[in-house]
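The values are calculated or read from the model by the stated rules, or taken from the named source; none is laboratory data. Computed from a prediction, not measured in an experiment: that's the story for all the values here. In this analysis, Cβ positions are derived from the backbone assuming ideal geometry, glycine residues included, and neighbour counts consider all displayed protein chains. Calculation scope for accessible area: heavy atoms of the full protein, side chains included, ligands and nucleic acids excluded. Shrake-Rupley method; radii C 1.70, N 1.55, O 1.52, S 1.80 Å.
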Amino acid sequence: MKTILTKISRLLFLIIPAALISCGEPEVKETKQIHYGPIDTVYELPDVSGTIYFVSPDGNPESEGTTLENPTAIEVAISKVVSGDAIVLRGGTYRTGDLVFNQAITIQAYMDERPVLNGTLIANDWQQDGELLWATDWDYLFPAGPEDWWRREIFEETTPLHRFNNDGVFVDGQFLQSAGSKEEVTAETYYVDYENKKIYIGLNPEGRTIEITAFRKALYRPLYEVHGKQPDNKGPIIKGITFTQYPDTMVHIGGVGLAIDQHGRDVEGTYFENCVFSKNFRIAVFSISDNMVMRNCKFYDTNTEGLYVVASADVLIEHNIFRNNNIEKWTGFYPAAVKIFNQSHNATFRENLVTDHPNSNGVWYDVGNNNGVFVNNLVENVGSPNEPFRDEQVWPSSNGFFFEISNGAICAGNVFVNCNQAILILNSCDVEIYNNTFINSRASFGRTARGDDPDHFGWHPSTGPGVEERDGHVFVNNLMVFENDYVFPMIQLWQPAELCQRLPDSPIKYINNNVYVKKTSESGRLYLWSPYSNERCQTSFYSIEELNKEFPEFEADSRFYLSFRETIFEENYKISPQFPGTDAGVEIPEHIRAVTGWKSDAPFIGAKAFK
């Protein structure tokens, strides 16, 4: 049996205890069963040491709320709770927000009822103002200025200033886009006159439900004194709640700064289960919390980020759905359905569905992260393979898995389908990429001199590997399939020409036992390779044999099938046993199998099937 030994110098991998791995013992032919998103659950009353408060949308603020028959208002319960207490929500819509607490509490649904926290109020008083314009007075406004990266001369046309305001208007549950003046308003947009506190829409409100944002956040767990109580260091437990239609961050756990020395130990153990986060105009969940768990939740129609994890250790994100981030279509900014940022250590993202992000990245580990684990995920339609491609750099791009200025990750067992760029490893070191399936989606590795000098992001580049340390990557047992002719290669290695003498060695330490398939007869480029000894510091290879002639240490046991028209996949991306590349794999190292849950050491190609 073929084996390889990978030397691990700078990278210590997070080993997931067997008790945390929710799969059975996988064999090569097994289809893995995964439930993405919320599970219908009948919640028993929580077993807590303190008081259980019952609340309902029409709860009586004068009630103590300690019995199911006499619920109180959620605002009252939030003001009362101390660590060890719980708030149980009856079903229905709570039009409320800015609920602030700093205690270790449980917030959950009652039985199988479905409570919804909604950040809007209904606007009923509309006056016609012209032929196709209606206006209402509105006191709950959230104006904001541009973010630091915005430059008028570059971004005003695609991301105008009014996009940075934090208001939202919904017609029969569908969000409208903002406009810059009354004259720009159409049936799909709205305009806010902040000076006169008026909101304009371009369709007749009669017979429609018009909702306008009125509360900035849903829940905020800060680090300061609240309701006369000092904070403890424990995060909340939140189960079975829907959060929707807030203008800013819907759920905010921890502090607000992003200082280089800030970490999530001030709030530990935050837990989310079976929640839904939708239709907001900034971040759905912002969390600075060590040991945070996000499980079986659904994020959709979010804007800058769906889930934003900052400076936190030992994070687990599993069995969730992330769909359609960047609903306002910002450009100049790099939105991501999930962003793991600023020295987060041991953050595991596994067995999630990341889908339908035409204007956003999927999952982005950004700046100073260590020991990332990205395994057994289904990532599809992040950007598009039909977007323009540039030889001279690896951006702009929409990336399924983006690992930037960070130290060490395992990317294994994932399926990437129809992504602009499945994987981008940028200015990072020691990323091990094993047994992934790529369909119409490329893998890219890039490095620049960023970090030599300060840039407009200040200290950020200094938290990752230095320029000379951006190497050590491994690419083994992967299956890449192109169903159409594309101008881009399957594998792209890129660095600017001015770095060629300084960084003459490949950022990839080992690449072998991969299978490449093109269903068309046009070979196209298989690799765009850098560094290379020519003026551009890069060259193209159209076959494995061409690469072997220049670099015999790479891809000696890999295979390339051109004009392959036979069956490759069965259902759920299970690789057909008749596919001739199934025996090209090499034994998988133990530390890779530990984090993926693969018990067998039998070699295989691509990802295991799952649904």
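Note on the range 102-169 and the range 397-430: Cα centroid distance 32 Å, given to the nearest whole angstrom.
Report summary: the helix-based calculation at 222 nm, which adds -39500 (n - 2.57) for every DSSP H run with n ≥ 4 and divides by the residues of the chain, gives -1000 deg cm²/dmol. Evaluated with a Cβ-only charge set (Lys, Arg +1; Asp, Glu -1), the chain carries a dipole of roughly 1040 debye about its Cα centre, given to the nearest 20. Loop-located trypsin sites (Lys or Arg not before Pro) across the range 427-497 with a Cβ neighbour count of 11 or fewer within 10 Å are lacking, with loop assigned by DSSP. Let a ≥ b ≥ c be the square roots of the eigenvalues of the Cα gyration tensor of the range 52-116; is it rounded (a/c under 1.5), or, if not, prolate (a/b larger than b/c) or oblate? Rounded is the answer for the range 52-116, as its axis ratio a/c remains below 1.5. The residue among 93, 57, 73 whose Cα reaches farthest toward the positive pole of the charge dipole of the range 52-116, with charges on the beta-carbon of Lys, Arg, Asp and Glu, is 93. The distance separating the Cα centre of the range 190-225 from that of the range 583-610 comes to 50 Å.
By the gyration tensor of its Cα atoms, with a ≥ b ≥ c the square roots of the eigenvalues, what is the shape of the chain: rounded for a/c under 1.5, prolate for a/b over b/c, or oblate? It comes out prolate by the Cα gyration axes.
For the range 344-413, taking Cα atoms only, Rg and Dmax work out to 12.7, 35 Å respectively. In a simple Cβ point-charge model (Lys, Arg +1; Asp, Glu -1; nothing else charged), the range 275-329 has a dipole of about 260 debye relative to its Cα centre.
Coupling constants for the range 281-286 follow from the phi torsions by the Karplus curve (6.51 cos²θ - 1.76 cosθ + 1.60, θ = phi - 60°), and in residue order they are 10, 9, 10, 6, 9, 10 Hz; glycine and proline get x. For the range 148-190, GluC sites (Glu not before Pro) meeting the loop criterion (DSSP other than H, G, I, E, B) and having at most 16 other Cβ atoms within 10 Å: 156, 157, 188. Of all beta bridges that DSSP places with both ends in the chain, some 15 percent have antiparallel geometry.
Loop-located GluC sites (Glu not before Pro) in the range 353-460 (DSSP state other than H, G, I, E, B) with a sparse environment of at most 14 neighbouring Cβ atoms within 10 Å: 392. Think of each Lys and Arg Cβ as +1 and each Asp and Glu Cβ as -1; about the Cα centre, that makes the dipole of the range 29-111 roughly 360 debye. Looking at the range 52-116, the accessible area is 39 square angstrom per residue; that uses a 1.4 Å probe and ignores ligands, DNA and RNA. Note on the chain: with neighbouring protein chains present and a 1.4 Å probe, carbon and sulfur make up 48 percent of its accessible heavy-atom surface.
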